[in-house]
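For reference, the structure discussed in these notes is given below.
A short reminder: the numbers here are calculations on the coordinates, not readings from a lab. Just so you know, these numbers come straight off a predicted model, no measurement behind them. Every residue, glycine among them, receives a Cβ derived from its backbone with ideal geometry; neighbour counts consider all protein chains shown.
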Amino acid sequence: MLGLLVLLAGVVLAIWPVWIHPAMRVPASVRELKGQLKTDMAKYPATAPNRNADRWKAYLDKSLTVQARIAQMRLAGGKTLSRPPGEVRPGFYSDSDPNALVSLHEHGSQLTHLAPEWLAVVGTDGRLVASGDPALIEYCTARGISVIPVLRNLEGDRWQPEAVENLARGPASNRARFVRELAARLAEWKVAGVLIEFNQIDPAYRDEFTGLLIESAEVLHPAGRELWLSVSLGEQLDALDLESLSNAADRFVALMFDETTNTDDPGPLASREWFEGWLQLISNYGDRDQWIAALGTFACDWNMETRLAETISFRDAMSRASYAGLDQANGVLIGPPSGNRTVQIVSDVQGQGQLAEIASRR
């Protein structure tokens, strides 16, 4: 009888934690932080909603059906792009940034590719403008870093969609001339290829735009040069036929930032929900090793009176926060719903910065 009682007591002790859910006592510091976050989100309602976080869902259904069509297209075409094995770790490089060369010296050993901003297509006739740096190419070559210049439709600080649209839908001779000039410039520099970043293209010219990119790849590939394509996430996807381009572009570079732009109300630049949602979606197009995720290490500083934002470097953002005394306790908040760093600065003109150093958070 005693043995049976001992056995029953053991069974009760074993299953007691299953029946009775243990209560978690939240430390006072955590309760205080939660209260502070709720207060701040109520005080600054423009930053509280994560307005753009779920925009990727509008493209999800279509993305779930493309793999079969891509496989069928490749089977019918009889070719599939081959890519060298191993990691690809590119870095963007701006000649106008005084810190760029210093950063390259410090972190170049971590890169496989460097993407300097050397090429542009401008004017209604789609002229190619190039300004390379042979010394930088020599530096990278000596260290085993492949150079892949960026080609943009940017003139000054303004995007010029007409330059690309006119080229794409204009005479075939104009496209052939442009692609020929591009290939010649890349051959002159002896670089690995080109990273094309065309923005604000009208989706009405999606087929013509796609044709221009495929035509470029057909000229570059026989010469041993790669075509990479920058992919802005959101409405710009409507201008890209990623299914057809998956067999033309060697790499897709997804710009995993700009959830909130400097023309929007203050908000996260890459909230966790937004980041993970788009990452899930783009993996349905092409091959997974075809995709590169470009991470943002910059910030936007919103002036709450003018409702305008200034794009600044992450280093500048940290300096501004420090000058304002926000490097002390509770100066930088990391909270829901975005998971981004936020500083709030109140002075003669109220400002608010949304920091998006994704690399450290991811």
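A compact table of results
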| read-out | value |
| --- | --- |
| The range 146-241: trypsin sites (Lys or Arg not before Pro) falling in loop per DSSP and having at most 16 other Cβ within 10 Å | Lys190 |
| Per-peptide average of other Cβ atoms within 10 Å, ordering 104-112, 299-307 highest first | 299-307, 104-112 |
| Amide proton proximity set for Phe92, modelled H, under 5 Å, gap of 5+ | Ala115 |
| Dipole of the range 44-139, positive direction: furthest Cα of Leu104, Val121, Tyr93, with charges on the beta-carbon | Val121 |
| Amide proton proximity set for Val253, modelled H, under 5 Å, gap of 5+ | Leu229, Ser230, Val231, Ile292 |
| Pairwise Cα inverse-distance average, inverted: Kirkwood Rh of the range 196-334 (Å) | 17.3 Å |
| Summed residue charge, Cβ within 10 Å of Glu226's Cβ, Lys/Arg positive, Asp/Glu negative | +2 |
| Normalised per residue, the volume of the convex hull around the Cα set of the range 49-295 (Å³) | 139 Å³ |
| For the range 306-317, 3J(HN,Hα) per residue [Karplus equation, 6.51 cos²θ - 1.76 cosθ + 1.60, θ = phi - 60°, Hz, x = Gly/Pro] | 8, 6, 10, 10, 10, 7, 10, 6, 4, 4, 5, 4 |
| DSSP-defined antiparallel bridges as percent of all bridges, the range 49-295, nearest 5 | 20 percent |
| Taking the range 242-308 and dividing mean pair separation by its residue count, relative contact order in percent (alpha carbons under 8 Å, at least six apart) | 45 percent |
